[in-house]
1. For region 139-183, which positions are of a type in the set (Ser, Thr, Tyr) and within 16 Å of ligand 2 (Cβ to nearest atom)?
2. For LEU314, state whether it is touching a Leu at 6+ places or on another chain (Cβ under 6 Å), within 30 Å of ALA196 (Cβ to Cβ) and not assigned by TED's automatic domain parsing to the domain that holds LEU203.
3. Given the conditions (1) within 30 Å of LEU133 (Cβ to Cβ); (2) within 16 Å of ligand 2 (Cβ to nearest atom); (3) surrounded by 15 or more Cβ atoms within 10 Å (Cβ to Cβ); (4) of a type in the set (S, T, N, Q), which single one is not true for SER39?
4. Quick one: which of ILE220, ILE189, ILE178 is among the β-branched types (Val, Ile, Thr), in the same structural domain as ARG145 (by TED's automatic domain parsing) and within 16 Å of ligand 1 (Cβ to nearest atom)?
5. When you look at LEU85, is it touching a Ser or Thr at 6+ places or on another chain (Cβ under 9 Å) and within 16 Å of ligand 2 (Cβ to nearest atom), yes or no?
6. Any idea which of (1) of a type outside the set (A, V, I, L, M, F, W, C); (2) open to solvent by 40 Å² or more (accessible area, probe 1.4 Å); (3) modelled with pLDDT of 95 or more is the one GLY284 doesn't satisfy?
7. With a cut-off of at least 1 residues that are open to solvent by 10 Å² or more (accessible area, probe 1.4 Å) and closer than 25 Å to SER37 by Cβ, name the helices (runs of 4 or more DSSP H) lying wholly within region 60-176.
8. Could you figure out which of (1) part of a loop (DSSP other than H, G, I, E, B); (2) surrounded by fewer than 14 Cβ atoms within 10 Å (Cβ to Cβ); (3) away from ligand 2 (no atom under 15 Å from the Cβ) isn't true of ASN7?
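The values are calculated or read from the model by the stated rules, or taken from the named source; none is laboratory data. Just so we're clear, the structure is a prediction, and the values are computed from it rather than from any experiment. Note that we place each Cβ from the backbone using ideal geometry, even for glycine, and neighbour counts take in every protein chain shown. Just the protein is used for accessible areas: all its heavy atoms, side chains included, with ligands, DNA and RNA removed. Shrake-Rupley method; radii C 1.70, N 1.55, O 1.52, S 1.80 Å.
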Amino acid sequence: MKLTVENLTKKYGNFLALDGVSFECDHAEFFSVLGKSGSGKTTLIRIIAGLERPDGGRILFDGKDVLRLPPHRRNAVMVFQNYALFPHLNVFENVAFGLRERRLPEEDIRKTVVQTLTTLGIDDKLYRRVSELSGGQQQRVAIARAIAVNADIVLFDEPLSNLDVTLRREMQKELKSIQRTTRRNFIYITHDQEEALMLSDRLAVLRDGKLFEQGTPEDIYHAPKTFFGAGFIGAANKLLMQRLDKTLLKTDTGFVLKNGEELVGKFFDVVIRPEHLVPVERAGGENVFKASVKERYFKGAFCEFLLDVEGAELVMQTPLSFGAEGFVQVKKFFIFPHE
Ligand code: ADP
Ligand code: MG
């Protein structure tokens, strides 16, 4: 199934919640939409599910416009942020719900429910009320309810945000594996950038109703197209810099970077990832600076240093050792015209 979202807009009164959102999700692709609270994520996914109508734009499932279809006639199911389970029903009936809605024979329903719950490792809880289950188990039931329905598109609205960190990490891997085995399109909404990077085949960043930076996690991480995207995905040192001459940039404090290409414009936003700062033996190379350590944080596989580099405060992450003072090289940085 190919999902195409075309130029979607949604207004609440005068407030533009979605502003020309377009993206595609291919068959069996894990596509995430990453954004802060209030960026329009839930609005977007509810429109795809058919729970909300847009003011403009189209939604195509394999090229067919589905905007007129009610939710249960679309080939899509949704896993809600708050699970939206029926507390008075048992696990079996919760998972069977979507299948009954689709009027499948009882025997098929039974088989599918048991099979799905087995996949998710909760087949021993068939007849328990969901109100008696832990948060993690309830989340599994909610996922099972969606997966059991034979829909090509599964829509997730921050499904793991209510779980504690350990359980969340576990469920992330499980979701990825469910997606690989069931080969559905997963549209996954999250505010957790680490989650989006590790799970997605492709992702996009939503900000104030606009979509930025569509691509693979690798593309967006290593070659972001916007300052916002560069700063939002991964850890980032952000600097406002000014053109000093053809290829040199400087901050107010006098930290000077050499750019690989000739600079066009006056002010630039520069992003340096912490791992692109690397300790080196001596002065002299390109973009090598003397640095002094303001703070050091041990993180196990690497250390994080807060450095003073010619008046600029920069975070460095490195597995290499580094004294109170030394030389560091900026191996790579991203540069954008300042807006
Ligand atoms: P997210 O899921 O990313 O937190 P939402 O899609 O829930 O964002 O909301 C996006 C924006 O639209 C928010 O500013 C929110 O206050 C507003 N909004 C959402 N639903 C409604 C509504 N029914 N009426 C008015 N404003 C709404
Ligand atoms: Mg939301």
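1. SER161
2. Numbers: touching a Leu at 6+ places or on another chain (Cβ under 6 Å): yes; within 30 Å of ALA196 (Cβ to Cβ): yes; not assigned by TED's automatic domain parsing to the domain that holds LEU203: yes.
Yes; evaluated as a whole, the condition is true for this residue.
3. (1)
4. Numbers: ILE220 fails: within 16 Å of ligand 1 (Cβ to nearest atom); ILE178 fails: within 16 Å of ligand 1 (Cβ to nearest atom).
ILE189 is the lone residue from the list that is among the β-branched types (Val, Ile, Thr), in the same structural domain as ARG145 (by TED's automatic domain parsing) and within 16 Å of ligand 1 (Cβ to nearest atom).
5. Details: touching a Ser or Thr at 6+ places or on another chain (Cβ under 9 Å): yes; within 16 Å of ligand 2 (Cβ to nearest atom): no.
When the stated conditions are applied, LEU85 does not pass them.
6. (3)
7. Values: elements: 91-101, 106-119, 135-148.
Ranges flagged: 135-148.
8. In the conditions (1) part of a loop (DSSP other than H, G, I, E, B); (2) surrounded by fewer than 14 Cβ atoms within 10 Å (Cβ to Cβ); (3) away from ligand 2 (no atom under 15 Å from the Cβ), ASN7 misses (1) alone.
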